[in-house]
Amino acid sequence: MKPTVSKIIDPTLIVIAGPTGSGKTDLGVALARRFGAPVLSTDSRQVYRGMKIGSAQPSDEQLAAVPHYFIADREVTERFTCADFESEALALLDRLFAEHKYVVAVGGSGLYIDALCNGLDELPDADMELRGELTERLSREGLGTLAGQLRELDPAYWETVDRQNPARVVRALEVCLQTGKPFSSFRTGGKTERPFRIIKIGVTMDRAELYARIDRRVDAMMDAGLEAEARALYLFRALPSLQTVGYREMFAYFDGEYGLERAVELIKRNSRRYAKRQLTWFGRDVEIRWFHPSDVDAAAAHIVAQG
RNA sequence: GGUGCCAUAGCUCAGUUGGUAGAGCAACGGACUGAAAAUCCGUGUGUCCCUAGUUCGAUUCUUGGUGGCACCA
């Protein structure tokens, strides 16, 4: 993506990251208003329409107060990957920075944030037909056979990959078979320079407080009608977009696997586990400066202090 | 008030013929490049209620407490 010359000096992307339920949305909107910035969502599930409650999209008031991008503008039936996100978000930023010094990126999808800030390697897009075949082979022949083939085609990657993770093995094999070249030959691990500055802000708090907030938010989702929202999406339950905490448990409840009370419990537990995975991901990013969600002033001061 | 049963991990419990203990769930730590709210890997975190005995050694046996449950009054 070629940056266009913009009139704005020192365009700056304010990245707000953090675990689910930590209050990123509220903080992001608060900062966006202070800095006159639009909001770009870095959330892999809030992009979809029809998932307002379960993915905790911003409220109507928030959407009205500040322009938002990548919120509810895809159908759940559309394929939207981290690579799609990277290229579309960069194109969008190019336009936004023509008029704004600041853009606030808010969301909890670590891979999306990395794609936006550092860039993904140039890899071929997934060939869904080939993936289907490999998934079929996975269930027929087992992971070991696929890992063995990966060892043949890409010994270097085989050395380092988590060979017990079907998603990793299948994806690597997929690229090898598709391109005739080892998967690792595409992986540079390098960062792509972006034509804007990046300030990273993390939102977090005590684990106990976070978990209490998550539990409360799940109850609020139920009150807001998560069950009906999930029912409306039941037909699409097999799609990647619906492999999402909150919906999966509801679908299982609809299928009679357990009762509603159990479903709610599982949504809370799985949200906590998701939050933990996010904390692990963001924890290794030393560029992130962490704040409590109530500390809007401190976060704003940090941004100002960066120039 | 009396009798009986129970007390072990965050929870529900198992167990140790006396050598400081283990399951399930919960929890905790980590990985992560076009599926990423996905996918995968790893980890028992414990005054075995308190007290005084017996014993080389007590979470286990005995005494006395404390708390809980049940039944009888």
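Laid out as a table, the results:
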item: Selected residue (criterion: farthest from the chain's Cα centre (by Cα)) from residues of segment A:247-262 that are in a helix (DSSP H, G or I) and within 13 Å of RNA strand B (Cβ to nearest atom); result: A:R262
item: The lone exception for A:A89 - which of (1) within 15 Å of RNA strand B (Cβ to nearest atom); (2) open to solvent by 10 Å² or more (accessible area, probe 1.4 Å); (3) over 23 Å from A:H292 (Cβ atoms); (4) not β-branched (V, I, T) it fails; result: (2)
item: Where a residue in segment A:37-54 is under 13 Å from A:L93 (Cβ atoms) and its partner, wherever it lies, is open to solvent by 30 Å² or more (accessible area, probe 1.4 Å), with Cβ under 6 Å and at least six apart; result: A:A37/A:H100; A:P38/A:P67; A:V39/A:H68; A:L40/A:Y69
item: From A:E61, A:E75, residue being surrounded by fewer than 17 Cβ atoms within 10 Å (Cβ to Cβ) and within 18 Å of A:A230 (Cβ to Cβ); result: A:E75
item: Filter pass, A:A300 being at pLDDT 95 or above, among the small types (G, A, S), more than 15 Å from RNA strand B (Cβ to nearest atom) and surrounded by fewer than 20 Cβ atoms within 10 Å (Cβ to Cβ); result: yes
item: Top-ranked residue in segment A:193-214 [being touching a helix residue (DSSP H, G or I) at 6+ places or on another chain (Cβ under 6 Å) and open to solvent by 40 Å² or more (accessible area, probe 1.4 Å); ranked as nearest to RNA strand B (Cβ to nearest atom)]; result: A:Y211
item: Whichever residue in segment A:263-288 is of a type in the set (F, W, Y) and near RNA strand B (Cβ under 7 Å from one of its atoms) and, among such residues, is nearest to A:Y211 (Cα to Cα); result: A:Y274
item: Test: residue in segment A:15-29 that is over 29 Å from A:R284 (Cα atoms) and of a type outside the set (F, W, Y); result: no
item: Leading residue by the ranking (farthest from RNA strand B (Cβ to nearest atom)) among those in segment A:162-181 that are open to solvent by 50 Å² or more (accessible area, probe 1.4 Å) and part of a loop (DSSP other than H, G, I, E, B); result: A:G180
item: Qualifying positions in segment A:221-272 - small (G, A, S) and surrounded by fewer than 17 Cβ atoms within 10 Å (Cβ to Cβ); result: A:A224, A:G225, A:A228, A:A232, A:A238, A:A252, A:G256, A:G259
item: Options A:D121, A:D125, A:D114; residue that is open to solvent by 40 Å² or more (accessible area, probe 1.4 Å), within 15 Å of RNA strand B (Cβ to nearest atom) and within 30 Å of A:S294 (Cα to Cα); result: A:D114
item: Contacts under 7 angstrom Cβ, first residue in segment A:184-213 being in a loop (DSSP other than H, G, I, E, B), partner within 15 Å of RNA strand B (Cβ to nearest atom) and open to solvent by 40 Å² or more (accessible area, probe 1.4 Å), 6 or more apart; result: A:R187/A:D121; A:T188/A:D121; A:T204/A:W290
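Listed here are the residues, each with its yes/no results for (1) of a type in the set (G, A, S); (2) at pLDDT below 95.
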| position | (1), (2) |
| --- | --- |
| A:I71 | no, no |
| A:T77 | no, no |
| A:C82 | no, no |
| A:F85 | no, no |
| A:R95 | no, no |
| A:H100 | no, no |
| A:C117 | no, no |
| A:M128 | no, yes |
| A:A147 | yes, no |
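The values are calculated or read from the model by the stated rules, or taken from the named source; none is laboratory data. What you are looking at is a predicted structure, and each value in this text was computed from that prediction instead of being measured. Note: ideal-geometry Cβ built from the backbone for every residue, glycine included; neighbour counts use all protein chains shown. Side chains are part of the model used for accessible areas, which takes the heavy atoms of the whole protein and leaves out ligands, DNA and RNA. Shrake-Rupley method; radii C 1.70, N 1.55, O 1.52, S 1.80 Å.
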